[in-house]
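Before any comments, here is the structure.
All of the numbers you see were taken from the coordinates with simple rules; none came from a lab. None of the values given here were measured: they were computed from a predicted structure. Ideal geometry is used to build each Cβ from the backbone, glycine not excepted, and the neighbour counts take in all protein chains shown.
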Amino acid sequence: MNPVLAHTGARYPIVQAPMGWIARRQLAGAVSRAGGLGVIETSSGETEACVAEIRAMRESGLPFGVNLPIRFLKDDAMLRFVCESGVRFVTTSAGSPAKFIAPLHGAGIVVYHAVPTLDLALKCVDVGVDGLVVEGAEGGGFKNPEEVSTLVLLQAIRQRVDVPLIAAGGICDGRGMAAAFALGAEGIQMGTRFVCSAESPVPANYKQAIVDARETGTWVLNRKATPCIRALKSKRTEAYVAEGLMPPDALKGIRTLYFDGDMEAAPALAGQSAGLIDGVKTVQQIIDETVAQFMEITARLGGLAAARSFG
Ligand SMILES: Cc1cc2nc3c(=O)[nH]c(=O)nc-3n(C[C@H](O)[C@H](O)[C@H](O)COP(=O)(O)O)c2cc1C
């Protein structure tokens, strides 16, 4: 059996990326109902709200996961709640998962850590993670300034580790999913694609900006400081690129961006796959089309192998 399915209980190894404020029950529930794995964020730091979201997902009976961004957790309250709340699958990110493994495993929770480099992948395997989310530089949101593409990073990690890999960064359809599987992944995670879904809570103009963007429509900001992020090109982000630095409070207006549609209130996080996304679709459509395209491509490639032909 596919190990990501065994670990998550989902019907398809398609995971929705954790995204502050965006990855809550509305989106995560839609993804899990459509056969993927919805993941609830805790990076917003809104502990009470996130607890309510996790409880609601638990009560729905759908498979789901929770993300714990280690560096952004104010204290261990969220870790303790997750351990006591019947959550079965956690992705950790932003920091070393070493201290989180024992309590999470003690609660019977499967742990995947998100890694942008081979070095971190090896360290995570050493401390006992069950799997890895391999996040290439194409992806939207928080980034490692030493950019390595999903294409290379997946291969580098697959060559050295045996744990299940979920590929993230630049994947938005069955073509990307088939490519990720060819490079050694057993699952995929999509952020930008699900932001641009009917069930995503962001305003229509944010979704339209993703649809309008080309593959060159994003850039990486703040490489020499933290946080280093990938966001859509805009007047505001152009100024940050020109200055070579982003003010420390640049993301302060992110809720105004996410909920009031002011596209200049903060950098609009998005990945290079924005250049491949040509419309807002329901989560069900996105997942069904991704699975169908994956099957079509792998069947065609299987046919080539059976015929010992390159087409
Ligand atoms: C709008 C948006 C918001 C995001 N917010 C967060 C976040 O709060 N915390 C985090 O760890 N990653 C965040 N990410 C990164 C995603 O978790 C994921 O790694 C990324 O979206 C995968 O690449 P893709 O966008 O090409 O699918 C965000 C991504 C997007 C597009």
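Sort out which residues of region 279-311 are surrounded by 15 or more Cβ atoms within 10 Å (Cβ to Cβ) and polar (S, T, N, Q), and write them in order of number. Listed by number, the residues that qualify are GLN284, THR290, GLN293, THR298. Could you say whether any residue in region 200-213 is touching a residue at least 60 places away in the same chain (Cβ under 8 Å), out of contact with any Asp or Glu (no Cβ under 6 Å at 6 or more places or on another chain) and farther than 26 Å from ARG25 by Cα? Yes, region 200-213 contains a residue that is touching a residue at least 60 places away in the same chain (Cβ under 8 Å), out of contact with any Asp or Glu (no Cβ under 6 Å at 6 or more places or on another chain) and farther than 26 Å from ARG25 by Cα. If the condition is being out of contact with any Lys or Arg (no Cβ under 8 Å at 6 or more places or on another chain) and crowded, with 24+ Cβ neighbours inside 10 Å, then region 186-200 contributes GLY187, ILE188, GLN189, MET190, GLY191, THR192, ARG193, PHE194. The residues listed here are ILE40, ILE22; of these, the one that is among the hydrophobic types (A, V, I, L, M, F, W, C), more than 10 Å from the ligand (Cβ to nearest atom), buried (at least 22 other Cβ atoms within 10 Å of the Cβ) and within 28 Å of ALA231 (Cβ to Cβ) is ILE40. What's the total number of residues in region 26-37 that are surrounded by 20 or more Cβ atoms within 10 Å (Cβ to Cβ) and either more than 15 Å from the ligand (Cβ to nearest atom) or basic (Lys, Arg) (or both)? Count: 4.
Taking the criterion of being of a type in the set (Lys, Arg), out of contact with any Lys or Arg (no Cβ under 7 Å at 6 or more places or on another chain) and surrounded by 14 or more Cβ atoms within 10 Å (Cβ to Cβ), the residues of region 201-230 that qualify are LYS207, ARG223. When THR237 is tested against the conditions (1) more than 30 Å from ALA292 (Cβ to Cβ); (2) surrounded by fewer than 19 Cβ atoms within 10 Å (Cβ to Cβ), the lone failure is (2). In the set (1) more than 19 Å from the chain's Cα centre (by Cα); (2) assigned to a helix (DSSP H, G or I), ALA265 fails one condition alone, (2).
Residues in region 183-190 include at least one that is more than 12 Å from the ligand (Cβ to nearest atom), in a loop (DSSP other than H, G, I, E, B) and not aliphatic (A, V, I, L, M).
Can you confirm whether region 129-147 contains a residue that is away from the ligand (no atom under 13 Å from the Cβ), free of Cβ contacts under 8 Å to residues at least 40 places away in the same chain, surrounded by fewer than 24 Cβ atoms within 10 Å (Cβ to Cβ) and over 22 Å from LEU221 (Cβ atoms)? No, because not a single residue in region 129-147 is away from the ligand (no atom under 13 Å from the Cβ), free of Cβ contacts under 8 Å to residues at least 40 places away in the same chain, surrounded by fewer than 24 Cβ atoms within 10 Å (Cβ to Cβ) and over 22 Å from LEU221 (Cβ atoms).
Per-residue answers, yes or no, for (1) under 21 Å from LEU165 (Cα atoms); (2) surrounded by fewer than 18 Cβ atoms within 10 Å (Cβ to Cβ):
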{"position": "TYR12", "(1), (2)": "yes, no"}
{"position": "VAL51", "(1), (2)": "no, yes"}
{"position": "GLY65", "(1), (2)": "yes, no"}
{"position": "LEU73", "(1), (2)": "no, no"}
{"position": "ALA102", "(1), (2)": "yes, yes"}
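Do you know which residues across region 137-166 are within 12 Å of GLY191 (Cβ to Cβ), in contact with a helix residue (DSSP H, G or I) (Cβ under 7 Å, 6 or more places away or on another chain) and of a type in the set (Gly, Ala, Ser)? Residue satisfying the conditions is GLY140 alone.
Taking the criterion of being aliphatic (A, V, I, L, M), within 12 Å of the ligand (Cβ to nearest atom) and either under 27 Å from ALA266 (Cβ atoms) or assigned to a helix (DSSP H, G or I) (or both), the residues of region 154-182 that qualify are ALA168, ILE171, MET177, ALA180.
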